[in-house]
Amino acid sequence: MTDDKIAAIIAHFGSNLTDSDKLALRSQLMAASDAKYSLVMSTPVKSTTTTLILSIFLGGLGIDRFYLGDTGLGVCKLLFGWLTLYIWPFIDIFVTYKRAKEINMKNILATLG
């Protein structure tokens, strides 16, 4: 893939990936063909901003976990999060933010694969 296309992809997904994931993605994209460009650009990703907002305001109800596709943890958080005196939902703010970035990288690599 050309350097212009790689830079466009990195810029498009940049805020939703970790720095180490950006480097790994760059090396994967260098080996990919130009035909994969439109597929990669149309890959659906989870917004880290949305995840953070959901986690802060609706995390006690597990909505952030439902958004990320972790249905089982969402149900557990909904039912038992209050038993931890809302410590679990507070810690989960940071965990779900990182998890969103991991899911995004996995989805992008699956598209390339």
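The values are calculated or read from the model by the stated rules, or taken from the named source; none is laboratory data. Please read these numbers as outputs of a predicted model, since none were measured by experiment. Cβ coordinates were reconstructed from backbone atoms using ideal geometry, including for glycine residues, and neighbour counts include every protein chain displayed. Please note that ligands, DNA and RNA were not included when accessible areas were found on the heavy atoms of the full protein model with its side chains. Shrake-Rupley method; radii C 1.70, N 1.55, O 1.52, S 1.80 Å.
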Of the conditions (1) open to solvent by less than 40 Å² (accessible area, probe 1.4 Å); (2) part of a helix (DSSP H, G or I), the single one that residue 43 does not satisfy is (2)
Could you tell me which numbered condition residue 37 fails, if it satisfies all but one of (1) part of a helix (DSSP H, G or I); (2) touching a residue at least 40 places away in the same chain (Cβ under 8 Å); (3) open to solvent by 60 Å² or more (accessible area, probe 1.4 Å)? (2)
Please specify each residue of segment 99-113 satisfying the condition of being free of Cβ contacts under 8 Å to residues at least 12 places away in the same chain and of a type in the set (Lys, Arg). 106
Go through segment 1-27 and count every residue that is assigned to a helix (DSSP H, G or I) and surrounded by 17 or more Cβ atoms within 10 Å (Cβ to Cβ). 7
Is it the case that residue 49 is open to solvent by 50 Å² or more (accessible area, probe 1.4 Å), at pLDDT 95 or above and β-branched (Val, Ile, Thr)? yes
